[in-house]
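**Student:** Below you'll find the structure I mean.
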Amino acid sequence: MKSKFGLATVCFCFVGFSSPAFAGKLMDSIMQLWVGANLGQAIDQWGFPAEEKIIAGRKLYTWHDDNHGFGNLVNCKRILQVDANDTVVRTDYSGNNCPFMEVGPFRKWRFKPKKQ
């Protein structure tokens with residue numbers, strides 16, 4: 001007789017780790033590490049942002065990650081707010097496809113300062 005435990009565990013792990021709550025905690029930890037970093041470091045690691053805006057005196061840079069195969073219905077935006085010295089002072093993100101695991105292209109999202 002085959003055990004149902006293996007299948008149940010796989011299902012639980014897939015559902016549990018792909019939940020919005022788990023993805024949110026991962027993205028919170030990824031984005032929080034950028035506070036105090038320099039905008040140049042973000043550009044070196046992430047590439048050039050898709051948008052640069054000034055809203056209510058705040059300078060914001062946005063990176064868009066869209067899956068074009070689904071008509072841009074699957075996306076994740078990363079936003080960095082910088083001060084006059086281009087130091088990141090606040091972060092935000094939004095979308096329905098922010099990563100729940102640091103694999104593939106998502107491995108480069110966490111701040112990794114270059115060693116001097």
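**Student:** If a residue has to be touching a Ser or Thr at 6+ places or on another chain (Cβ under 7 Å) and either more than 17 Å from VAL89 (Cβ to Cβ) or buried (at least 16 other Cβ atoms within 10 Å of the Cβ) (or both) to count, how many in region 26-39 make the cut?
**Tutor:** 2
**Student:** Okay, next question. Filter region 83-97 down to the residues that are at pLDDT 85 or above and either under 18 Å from TRP63 (Cβ atoms) or of a type in the set (Val, Ile, Thr) (or both) and list them by number.
**Tutor:** Selection gives ASP86, THR87, VAL88, VAL89, ARG90, THR91, ASP92, TYR93, SER94, GLY95.
**Student:** Which one of these is surrounded by fewer than 16 Cβ atoms within 10 Å (Cβ to Cβ), more than 18 Å from ARG110 (Cβ to Cβ), touching a strand residue (DSSP E or B) at 6+ places or on another chain (Cβ under 7 Å) and modelled with pLDDT under 95: HIS64, HIS68?
**Tutor:** That would be HIS64, the only listed residue that is surrounded by fewer than 16 Cβ atoms within 10 Å (Cβ to Cβ), more than 18 Å from ARG110 (Cβ to Cβ), touching a strand residue (DSSP E or B) at 6+ places or on another chain (Cβ under 7 Å) and modelled with pLDDT under 95.
**Student:** When the residues of region 40-60 are narrowed to those that are hydrophobic (A, V, I, L, M, F, W, C) and exposed (fewer than 11 other Cβ atoms within 10 Å of the Cβ), which ends up nearest to GLY104 (Cα to Cα)?
**Tutor:** Looking at the filtered set, the residue picked out is PHE48.
The values are calculated or read from the model by the stated rules, or taken from the named source; none is laboratory data. Remember, predicted model here, so these are calculated numbers, not experimental data. Note that each Cβ is placed from the backbone with ideal geometry, even for glycine, and that neighbours are counted across all protein chains shown.
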